[in-house]
Amino acid sequence: MATKTGQQDKMMKVEKGEYGYVLEDVPHLTDYIPDLPTFPNPLRFNPAYSVVKQYFVDVDDTVPQKVVVHKNSSRGIHFRRAGPRQKVYFDSDEVHACIVTCGGLCPGLNTVIREIVCALYNMYGVTKVLGIDGGYRGFYSKNTIPLTPKIVNDIHKRGGTIIGTSRGGHDTAKIVDSIQDREINQVYIIGGDGTQRGAAVIYEEIRRRGLKVAVAGIPKTIDNDIPVIDKSFGFDTAVEEAQRAINAAHVEAESTENGIGVVKLMGRYSGFIAMYATLASRDVDLCLIPESPFYLDGEGGLFEYVEKRLKEDGHMVIVIAEGAGQELLSKSTVHEKDASGNKLLKDVGLWISHRIKDHFANHKMAITLKYIDPTYMIRAIPSNASDNVYCTLLAQSCVHGAMAGYTGYTSGLVNGRQTYIPFNRITEMQNKVVITDRMWARLLSSTNQPSFLGPKDAVEVKNEPAPSSQLLESENCNCEDKAAK
Ligand SMILES: Nc1ncnc2c1ncn2[C@@H]1O[C@H](COP(=O)(O)OP(=O)(O)O)[C@@H](O)[C@H]1O
Ligand SMILES: O=P(O)(O)OC[C@H]1O[C@](O)(COP(=O)(O)O)[C@@H](O)[C@@H]1O
Ligand SMILES: [Mg+2]
């Protein structure tokens, strides 16, 4: 995985305070363009917002990364609180914004686009907003789409992204040339870990050229593998939609003798969708994710467990994340890659279905197995009600930040508060299910599945340093170690 570039290291803004307080701050246009003029925030006169007490965020407001503390804990890492500021660094007439969506689809993309456009128009009186057609490469190879509140009015009811998306094709110099040529001064970039890495280098190049252009990211991925943030938008919608496939698998399985329903869900490197869909459903007997290796044959293996379940219940449901068990499918360490450099996966759902069928055929036990692959159906849909609200807050926070002159940040929810997070914190690692955490233990206890760990493996896994995961209890978060450094 790519990590911090030398440039990013140099540009990190870290401020320390009393009792171990650390602010991992985001860049501001005035860091490299001194004496920029400021303007009073037009929201002062907005009838909807002017009645709110303390509507503007205090310049010193920050949000802690870790909220579970002990009496003597140090205060730890904080991020700048998102929201409107008293002063803005762009005159409304001067703003020329653009929006781009990159990477795989995710429910809520259209809602985020809609709400960025509406926030710019309705809150800040901005009237020039462009959609970049088809992801990063659209900056230099395609036409743009003018975006107005009228054009985006109904788009949140549709899946996908009205401005298109793509993988690959990131040429930083050409993208920044295009931003300069079109006189764009606010760039809103919606995408996952790859996209945010791309945004970080675009920001660096813009800063190198000394341009007054704010670069703001909004994290997107249904895999929910972006670190630091509580969860990514669209994740809830995807988990909800996955229930339909699991229900179908359960109905098919329990309607026949020794019925097995297998459902494959997305999750390239992390099993959050599979884990949450399983926990929500209660009909799942076995959930397999990339973070938890498993084996098929012998004592404590998958076949033994399937046989036990069939003998006890007469049917079972298996949920498998697409990235699970890839090492069993192919011993090769050379993988095909997509245009963005992501590993292309083999179909583990089909593979496991065949292996289970072969096993029971060899053991002369009749089973009926149905394999359901709803992969793209759970992401090519509009976002649900709660994701819609979440997308709105993310989009508005992102716009407030750019208007206030912040740049080089991703907007994200941290412990229920909107924040601005420096790009490097989003791109330096990936969020994963922690299999020594309580959430995975809850799953094991709800499915009754084996952990596939012998006593020796269990001790080893327990002793491994735990990666940080915002969806999980914070004692497994390694943020404190970082703050202490
Ligand atoms: N390390 C990187 N540096 C610059 N651009 C990148 C990097 N990784 C990915 N990108 C660009 O980001 C875009 C989306 O990346 P991708 O991995 O497909 O999706 P996601 O952002 O959802 O993870 C692509 O256009 C890709 O070229
Ligand atoms: O077929 P595609 O479009 O490459 O998408 C497949 C991948 O997209 C994802 O849904 C999410 O990936 P990104 O977050 O990188 O966009 C993965 O779970 C899945 O492996
Ligand atoms: Mg990705």
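The values are calculated or read from the model by the stated rules, or taken from the named source; none is laboratory data. If you're wondering where the values come from, they're calculated on a predicted model, not measured in any experiment. Note that we place each Cβ from the backbone using ideal geometry, even for glycine, and neighbour counts take in every protein chain shown. These area figures cover heavy atoms from the full protein model, side chains too; ligands, DNA and RNA do not enter into them. Shrake-Rupley method; radii C 1.70, N 1.55, O 1.52, S 1.80 Å.
Can you give the Rg to Rh ratio of the stretch 120-170, both from alpha-carbon atoms, with Rh computed by the Kirkwood formula? Let's see the in-between values first.
On the way: Rg = 12.3 Å, Rh = 12.1 Å.
Dividing the radius of gyration by the Kirkwood radius yields 1.02.
At 222 nm, what value in deg cm²/dmol follows for the chain if DSSP H runs of at least 4 each add -39500 (n - 2.57) and the sum is divided by all its residues, to the nearest 500?
Values: 16 runs with 160 residues, N = 485.
-9500 deg cm²/dmol, from helical runs alone.
Kirkwood-based Rg over Rh for the stretch 148-200 (C-alpha set), two decimals?
Details: Rg = 13.4 Å, Rh = 13.3 Å.
That ratio equals 1.01.
Could you tell me which of rounded, prolate or oblate describes the stretch 60-158, using a ≥ b ≥ c as the square roots of the eigenvalues of the alpha-carbon gyration tensor, with rounded for a/c under 1.5 and, failing that, prolate when a/b is larger than b/c and oblate otherwise?
Working: a/c = 2.41, a/b = 1.73, b/c = 1.39.
Prolate, because a/c is 1.5 or more and a/b exceeds b/c.
Place a label point 7 angstrom from the Cα of THR127 along the Cα-to-Cβ direction, then list the residues of the stretch 364-408 whose backbone nitrogen is under 18 Å away.
None, by backbone N distance to the label point.
Please work out how much length the chain gains when fully extended from ASP313 to VAL59, using 0.36 nm per residue of separation minus the C-alpha to C-alpha distance, in nm with one decimal.
Numbers: separation 254, 0.36 × 254 = 91.44 nm, distance 5.98 nm.
Value of the extension gain: 85.5 nm.
Could you give me D for the chain, from Stokes-Einstein at 4 °C and 1.567 mPa s, where the hydrodynamic radius is the Kirkwood radius over C-alpha pairs? Units µm² s⁻¹, please. Could the numbers behind the result be given before it?
Values: Rh = 23.8 Å.
Here the translational diffusion coefficient equals 54 µm²/s.
Of the lysine pairs in the stretch 235-381, how many meet both conditions: Cα atoms under 13 Å apart, and a spacing of 8 or more in sequence or different chains? Don't skip to the end; give the middle numbers.
Details: LYS264/LYS346; LYS264/LYS370; LYS331/LYS346; LYS337/LYS346; LYS357/LYS370.
So the count works out to 5.
Using a/c under 1.5 as the rounded threshold, could you call the stretch 274-316 rounded, prolate or oblate? The axes a ≥ b ≥ c are square roots of the C-alpha gyration tensor eigenvalues, and prolate needs a/b larger than b/c, oblate otherwise. Before the final figure, lay out the partial values.
Details: a/c = 3.97, a/b = 1.15, b/c = 3.44.
Oblate is the answer for the stretch 274-316, as a/c is 1.5 or above yet b/c matches or exceeds a/b.
Which order, highest average first, do 241-250, 86-95, 16-25, 263-272 follow once you tally other Cβ atoms within 10 Å for each residue and take the mean per peptide?
Working: 241-250: 19.8, 86-95: 17.2, 16-25: 14.7, 263-272: 26.5.
In descending order of packing, they fall as 263-272, 241-250, 86-95, 16-25.
For GLN65, list long-range residues whose amide hydrogen, built 1.01 Å from N in the peptide plane, is under 5 Å from its own amide hydrogen.
ILE77, HIS78, PHE79
What is the Cα centroid distance between the stretch 115-185 and the stretch 298-361, reported in whole angstrom?
Taking the Cα centre of each part, the stretch 115-185 and the stretch 298-361 sit 40 Å apart.
Could you give the semi-axes, largest first, of the ellipsoid that matches the stretch 251-292, computed as the square roots of 5 times the alpha carbon gyration tensor eigenvalues and rounded to whole Å? Please report the intermediate quantities before stating the final value.
On the way: eigenvalues 99, 22, 13 Å².
Calculated on Cα positions only, the semi-axes equal 22, 10, 8 Å.
Using the heavy atoms of the protein chains and a 1.4 angstrom probe, tell me the accessible area per residue for the stretch 235-381 in square angstrom.
Details: 6600 Å² over 147 residues.
In whole numbers, the stretch 235-381 has 45 Å² accessible per residue.
Using the basic label-point model (7 angstrom from Cα toward the beta carbon), what is the ARG182 to TYR21 distance in nanometres?
Between ARG182 and TYR21, the simple spin-label model gives 4.1 nm.
From the phi angles alone, apply the Karplus equation (6.51, -1.76, 1.60; θ = phi - 60°) to the stretch 217-222 and give each ³J(HN,Hα) in whole Hz, x where the residue is Gly or Pro.
With the stated coefficients, the stretch 217-222 comes to x, 10, x, 9, 4, 6 Hz.
Quickly rank 298-304, 393-399 as a protection proxy: mean count of other C-beta atoms within 10 Å, highest first.
393-399, 298-304
Taking every pair of Cα atoms in the stretch 235-381, average 1/r, invert it to obtain the Kirkwood radius, and report Rg/Rh to two decimals. Mind showing how you got there, number by number?
Details: Rg = 15.0 Å, Rh = 15.6 Å.
Result for the stretch 235-381 is an Rg/Rh of 0.96.
To the nearest 0.05, what FRET efficiency results for VAL67 and HIS363 with a Förster distance of 56 Å applied to their C-beta separation? The partial results should precede the final answer.
On the way: r = 51 Å, r/R0 = 0.92.
So the FRET efficiency works out to roughly 0.65.
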